[in-house]
Amino acid sequence: MRDFTLPGAGQANEAAALALYRARCSYYDWQLAPYEALRRAAVERLGLQPGQVVLDIGCGSGMSLDLLQQAVGPEGRVIAIDQSPEMLAQARQRVEQAGWKQVELVCSPVQQASLPAAADAALFHFTHDILQTPAALDHVLSHLAPGASLAVCGLKWAPPLYGMLNPLVWWNAVQSVTTLAGLDMPWAGLVLRGARLTVEPVCGGALYLASGRMP
Ligand SMILES: C[S@@+](CC[C@H](N)C(=O)[O-])C[C@H]1O[C@@H](n2cnc3c(N)ncnc32)[C@H](O)[C@@H]1O
């Protein structure tokens, strides 16, 4: 049964997230469609080259997979991780229908996922709960090659000048995350762990696109 507890200031809640995405999976793609331009910009910021290995962290229904597999080409690898079996089932359908041989799907919490030793890039597209999970960040970053590229985007609290957008941010957040902690700077955990990121505010700062590299 869906856990209707509203997200609070604490840590991400795995059971609540699983319930949330079990309930949301049938209409998820429709809800995310308006963010397609941001998804494309995030994948472009990764600067992927043919043959590279890219991690799609919290891949959901696989809406980034086509862009990622095109960018790394048939010699590359896309490793897409999500803990929600229902969301990953949709990703699997996408992969099988398209016949993408270089895409591997991993159904696991990111913090426990089996990952390749040294990936070239990682995408965090609308993955706020994961960004607020220290063990997930430690695990992913320990599986990136030196200089690996990162692209991170999603919701954030708008700055005071655009504060009128924050009820909308809140409304979207309570439908997609299990903690509101860190919504002022969702990427901060990556920076604390050494990532060098440039942050671009999007839509008055109610969204962000952060990109850069590990040292
Ligand atoms: C808002 S969706 C984003 C999906 C996809 N990145 C996209 O842009 O369409 C967030 C996803 O993160 C997954 N998720 C949340 N916490 C996770 C964790 N600790 N490990 C793996 N997946 C997680 C959820 O199951 C959900 O599919």
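The values are calculated or read from the model by the stated rules, or taken from the named source; none is laboratory data. Since the structure is predicted, the reported quantities are computational estimates derived from the model, not experimental observations. Glycine also receives a Cβ, built like all others from the backbone with ideal geometry; neighbour counts cover every protein chain displayed.
For R39, the conditions (1) at pLDDT below 95; (2) within 8 Å of the ligand (Cβ to nearest atom) all hold with the exception of (1). Which count do you get for residues in the stretch 26-41 that are farther than 19 Å from A91 by Cα and surrounded by 14 or more Cβ atoms within 10 Å (Cβ to Cβ)? Adding up the residues that qualify gives 2.
Candidates L137, L165, L190: the one that is more than 18 Å from A210 (Cβ to Cβ) and in a helix (DSSP H, G or I) is L165. Step by step: first the residues of the stretch 88-102, then only those that are farther than 19 Å from D29 by Cα and surrounded by 13 or more Cβ atoms within 10 Å (Cβ to Cβ), then the one that is nearest to the ligand (Cβ to nearest atom). Which residue is that? Among residues in the stretch 88-102 that are farther than 19 Å from D29 by Cα and surrounded by 13 or more Cβ atoms within 10 Å (Cβ to Cβ), the one nearest to the ligand (Cβ to nearest atom) is W100. Taking the stretch 10-63 as the region of interest, the helices (runs of 4 or more DSSP H) fully inside it that hold 3 or more residues being among the charged types (D, E, K, R) are 14-24, 36-45. If you take the residues in the stretch 107-153 that are aliphatic (A, V, I, L, M) and within 9 Å of the ligand (Cβ to nearest atom), which one is farthest from G194 (Cα to Cα)? That would be A113. Scan the stretch 104-117 and tell me whether some residue there is hydrophobic (A, V, I, L, M, F, W, C), surrounded by fewer than 17 Cβ atoms within 10 Å (Cβ to Cβ), under 16 Å from the mean Cα position of the chain (by Cα) and not in a loop (DSSP other than H, G, I, E, B). Yes, the stretch 104-117 has at least one match.
Conditions tested, residue by residue: (1) surrounded by fewer than 16 Cβ atoms within 10 Å (Cβ to Cβ); (2) over 14 Å from I57 (Cβ atoms).
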| residue | (1), (2) |
| --- | --- |
| A135 | yes, no |
| S142 | yes, no |
| Q175 | yes, yes |
| G182 | no, yes |
| L192 | yes, yes |
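Would a scan of the stretch 62-79 turn up a residue that is crowded, with 19+ Cβ neighbours inside 10 Å, within 16 Å of the ligand (Cβ to nearest atom) and under 22 Å from R193 (Cβ atoms)? Looking through the stretch 62-79, at least one residue is crowded, with 19+ Cβ neighbours inside 10 Å, within 16 Å of the ligand (Cβ to nearest atom) and under 22 Å from R193 (Cβ atoms). Do we find a residue being of a type outside the set (A, V, I, L, M, F, W, C) and closer than 20 Å to L209 by Cβ anywhere in the stretch 68-85? Yes.
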